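This report refers to the structure that appears directly beneath it.
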Amino acid sequence: CRVAIAVPGQAGLVKFIKLPPVEKKRVPDIVKFEAKQQIPFQLEEVVWAYQQIGDDEEEGGDDDFTMAEVGLFAMKRDQIARAILPLTVAGIEVDVVQMAPIALFNYITADQIKGSGSKDSIVLLDIGVDNTDLIITDGVRIWQRNVPIGGNPFTRALTKELKLTFAKAEHLKRNATKAPDPRAIFTAMRGVFNDFASEVNRSIGFYSSINRTAKIRKVVGLGNGF
């Protein structure tokens, strides 16, 4: 049995970098140099790795060059330690640690993209308590963003507009369709809905601007907030 744990997306960094023409054997050194530039912490403070996504090679013997694109992934060591502490205390050894967006990428790639023959992109919205991990992927590349809106902002809107305690507002939010006046509940939350939709649309717009040929096929909602 192997144990894997996913760490919240805001705890890490994901970037894709197009390397300059370089000898294949020098790729690790170039990536380490790029990591020092791209990761906003000392490399000793993070656990990081990279994966080659694609390349543009010209064969030529020992001096083969590559113009590879690599995905750079990093998480702070102290955040990883905090995340796995309960398992460490219980004497359980963790085999794999992933950022939640990468875990979701693996899920959607294996479950819906691999073998489908489609090159379209899928949007994943993993809505938590205070934040939402927004991931867009075509099964090869992954683009992620942390949206600072989750389930609690909707509850807080109800406490403000309807003068309720947080506990009562949370219950009303979860059972809105059964309430005597559902319209009043959704009206009270409309501002948060609008802000959330704007953030999602802005993210999709930015993704489309840097991936001109991308076609988004569907949106998948995940998480307790959703």
Next on the checklist: Using Cα-Cα distances under 8 Å and only pairs 6 or more residues apart, what relative contact order does segment 68-226 have, in percent?
Outcome noted: 25 percent
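Give, in nm to one decimal, the length gained when the segment between PHE226 and SER208 is fully stretched (0.36 nm per residue of separation minus the Cα-Cα distance). It would help to have the intermediate numbers written out before the result.
Working: separation 18, 0.36 × 18 = 6.48 nm, distance 2.41 nm.
Separation in residues times 0.36 nm, less the Cα-Cα distance, equals 4.1 nm.
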Item to check | Burial ranking of peptide ranges 149-157, 185-193, 112-120 (average Cβ count within 10 Å, highest at the top) | outcome: 149-157, 185-193, 112-120
Checklist entry - Say the cut-off is 28 Å between C-alpha atoms; which of LYS168/LYS218; LYS114/LYS215; LYS18/LYS114 go over it? => result LYS168/LYS218
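Taking the Cβ-Cβ separation of ASN201 and GLN51 as r and a Förster radius of 30 Å, what is the calculated FRET efficiency to the nearest 0.05? Intermediate results must be reported in sequence, preceding the final value.
Values: r = 30 Å, r/R0 = 0.99.
That gives a FRET efficiency of 0.50.
Kindly provide the Kirkwood hydrodynamic radius of the chain in Å, to one decimal, from all pairs of distinct alpha carbon atoms.
On the way: mean 1/r = 0.0495 Å⁻¹.
Final number for the Kirkwood radius of the chain is 20.2 Å.
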Checklist entry - So which DSSP H runs in the chain come out at 15 Å plus along the axis (Cα) with average Kyte-Doolittle of at least 0.0? => result 77-89
Item to check | Projected label distance in nm at HIS171 and ARG26, using a 7 Å step from Cα toward the beta-carbon | outcome: 6.8 nm
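Write down the accessible area per residue of segment 107-226 in Å², having rolled a 1.4 Å probe over the full set of protein chains.
Values: 7090 Å² over 120 residues.
Per-residue accessible area for segment 107-226 comes out at 59 Å².
Roughly to the nearest percent, how much of the accessible area of the chain is carbon and sulfur, given a 1.4 Å probe? Don't skip to the end; give the middle numbers.
Details: 7110 of 13590 Å².
Exposed carbon and sulfur together represent 52 percent of the surface.
At a Förster radius of 25 Å, what calculated FRET efficiency corresponds to the Cβ-Cβ distance of ARG82 and GLN38, to the nearest 0.05?
Values: r = 24 Å, r/R0 = 0.94.
Rounded to the nearest 0.05, the efficiency is 0.60.
The values are calculated or read from the model by the stated rules, or taken from the named source; none is laboratory data. If you're wondering where the values come from, they're calculated on a predicted model, not measured in any experiment. With ideal geometry, Cβ positions are generated from the backbone for all residues, glycine too; neighbour counts draw on all protein chains shown. These accessible areas exclude ligands, DNA and RNA; they are computed on the full protein's heavy atoms, side chains included. Shrake-Rupley method; radii C 1.70, N 1.55, O 1.52, S 1.80 Å.
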